[in-house]
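Input: one structure, supplied below.
Taken together, the values in this text are just the output of simple stated rules run on the coordinates, not laboratory data. Since the structure is predicted, the reported quantities are computational estimates derived from the model, not experimental observations. With ideal geometry, Cβ positions are generated from the backbone for all residues, glycine too; neighbour counts draw on all protein chains shown.
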Amino acid sequence: MDLNWLRDFECLARVLNFTRAAEERNITQSAFSRRIKALEIWVGLPLINRATYPIQLTEAGQQFLPVALSAVAQLAETRQALRDADSSGQRFVRFSVLHTISVNYLAGRIEDLQQDIPNLRTRVISDSLSSCCELLIEGAVDIMLCYYHPAVSPRIDDAAFARKDLLTDRLIPVAAKAQTEQHGWSLDNQSGPRIPYLAYEHSSFLGMVVDNIVGQKKMNVETVYVDALVEAIKRRLLNGSGFAWMPESSIEAELASGELVPIGDATWSAPMTIAALANPATFAPQTQVLWGLL
C-alpha cells in the first residue's frame, strides 16, 4: 500500500469533492480517482459513496478514516524521533526535487556550492511533484526544487514558504535530426504519416504542461510510448523512436551538437521556471548559508 493513498483518502474525506481534493493533492482528477480506487481494492470494501452529492464516506470509510489518520501521524512522529535520536553529528541539507531537475540542475549546482561550503552534506529525494510538496509541508526536507508554469504550478502557501526563482527553462518539441530530415517531421504539417510521439503521463507535471501547450491544436501524431521520467523518454528520443517535449536544460548538449532538433516553432514551446521553496525560519546555520548562495 502507498502512503499517498492514505493522504489522498484523508483529503477526500475532508473536502468531499474529487475535483477539489485532486487540486489540493497536485494531481489530475483521473489519477486521484485511480489512487482512491486502489485503496478501496486494498481494503476490500468501498470507502466512498459516489451516488450522493456531495459524496459521503461509506460505513467502512468512516471506520477506516481514523486508522488512516493515525497511521500517517505515527509514521511522521516516528520519523522525527529517529532523526532526533541520530547522534552521528552530521547535519544534512535535505532536498526534495523533481527527478529531471535533480539530474540536469541540482547535481551540478551542489558541486559548485561545495566549493563555498566545504563541509556541505546533502540528501536529495527525487520524486513526483505531489510527493515533493508533501515532504516540504511536513518538514521532512529543508528545500524543495520544482518547476513553475503559469497554468500548472504547485499550490503552496506563499505565506508559509519563501520562493527563489533559480533558472528559466523551456519545454520544447524535439526529435533526432536524422529521423526528422528523413521523414520531414514537423508539428505544423497535418498531412502524411503520423509522427511517433513519446509522451509523458498525463498526471505528471510535464504531462500537464504539454496538455496546456497543445490545448485545442491538432497534431498529426501517434502516441507510441508513455513514461513519467524525462531520462527514459530521452533515451528513446536519441534512438530515433519519435519526438517528445523536453526541458531545454536536459538536452543542451544534444541541441548544440545537432543530434536533436526542434520540430515546432515557439508556439509549440512553453517557458518554465526552476524555483526553490523553503521555510528559512527552520534552517540550521549551514542551510541558511546555502539558501543565501542559491
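When only alpha-carbon atoms count, how far does the chain stretch along each of its three principal axes, as whole angstroms with the largest first?
60, 59, 31
Please order Lys37, Lys217, Lys234 by the number of other Cβ within 10 Å, starting at the fewest.
On the way: Lys37 14, Lys217 11, Lys234 23.
Ascending number of Cβ neighbours within 10 Å: Lys217, Lys37, Lys234.
With +1 on the Cβ of every Lys and Arg and -1 on the Cβ of every Asp and Glu, and nothing else charged, how large is the dipole of segment 3-85 about its Cα centre, in debye rounded to the nearest 20? Please report the intermediate quantities before stating the final value.
Details: 10 positive and 8 negative charges, 46 e Å.
Roughly 220 debye for segment 3-85.
Still on this structure, please answer the following. Suppose a student asked you for the relative contact order of the chain, using Cα pairs under 8 Å spaced at least 6 residues apart; what percent would you report?
About 21 percent, as a whole number.
What ranking do Ile27, Ile137 get, fewest neighbouring Cβ atoms within 10 angstrom at the top?
Values: Ile27 24, Ile137 16.
Ranked by crowding around the Cβ, least crowded first: Ile137, Ile27.
What is the Cα centroid distance between segment 113-179 and segment 189-218, reported in whole angstrom?
Comparing the Cα centres of segment 113-179 and segment 189-218, I get a distance of 23 Å.
Fewest to most neighbouring Cβ within 10 Å: what's the order for Glu59, Glu248? Provide the component values of the computation, followed by the final result.
Values: Glu59 11, Glu248 18.
Ascending Cβ contact count within 10 Å gives the list Glu59, Glu248.
Taking the Cα centre as origin and putting +1 on Lys and Arg beta-carbons and -1 on Asp and Glu beta-carbons, what dipole magnitude results for the chain, to the nearest 20 debye? Don't skip to the answer; put the middle values down first.
On the way: 26 positive and 33 negative charges, 79 e Å.
Charge dipole, the chain, about its Cα centre: 380 debye, nearest 20.
If you stretched the chain out fully between Asp211 and Ala232, how much longer would it get, using 0.36 nm times the residue separation minus the C-alpha to C-alpha distance? Kindly include the intermediate steps, with their values, before the conclusion.
Working: separation 21, 0.36 × 21 = 7.56 nm, distance 1.94 nm.
Result: 5.6 nm gained on full extension.
Calculate, in nm to one decimal, what Asn220 and Gln286 gain on full extension: separation in residues at 0.36 nm each, minus their alpha carbon distance. Intermediate results must be reported in sequence, preceding the final value.
On the way: separation 66, 0.36 × 66 = 23.76 nm, distance 5.19 nm.
Length difference between fully extended and current span is 18.6 nm.
Sticking with this one: Determine the calculated [θ] at 222 nm for the chain from helices alone, applying -39500 (n - 2.57) to every DSSP H run no shorter than 4 residues and normalising by the residue count; nearest 500 deg cm²/dmol.
Calculated mean residue ellipticity at 222 nm is -12500 deg cm²/dmol.
With a ≥ b ≥ c taken as the square roots of the eigenvalues of the C-alpha gyration tensor of segment 3-85, please select rounded if a/c is under 1.5 and otherwise prolate if a/b is larger than b/c or oblate if it is not? Walk me through the numbers before you get to the answer.
On the way: a/c = 2.26, a/b = 1.65, b/c = 1.37.
Prolate, since a/c reaches 1.5 and a/b exceeds b/c.
Where does each of 267-273, 280-286 land if you order them by average Cβ count within 10 Å, highest first? Don't skip to the end; give the middle numbers.
Working: 267-273: 17.0, 280-286: 11.9.
The most tightly packed comes first, giving 267-273, 280-286.
While we're on this one: Report, in cubic angstrom per residue, the convex hull volume of the C-alpha atoms of segment 161-228. Each step should come with its number before you reach the end.
Details: hull volume 8.7 nm³, N = 68.
Hull volume normalised by residue count: 127 Å³.
When the Karplus curve 6.51 cos²θ - 1.76 cosθ + 1.60 is applied with θ = phi - 60°, which whole-Hz ³J(HN,Hα) does each residue of segment 257-268 get, with x for Gly and Pro?
Along segment 257-268, the couplings run 7, x, 5, 10, 9, x, 10, x, 7, 5, 5, 9 Hz.
Moving on to the next point. Starting from the exponent 0.38 and prefactor 2.2 Å, build the expected Rg for segment 169-272 from its residue count and divide its actual Cα Rg by it. Intermediate results must be reported in sequence, preceding the final value.
Numbers: Rg = 12.3 Å, N = 104, 2.2 N^0.38 = 12.8 Å.
This ratio for segment 169-272 stands at 0.96.
Which helices pass in the chain if a helix is a full DSSP H run, must span at least 30 angstrom along its long axis by Cα, and must have mean Kyte-Doolittle hydropathy not below -1.0?
Values: long enough: 59-85 (40 Å, 0.07).
Span-like helices in the chain: 59-85.
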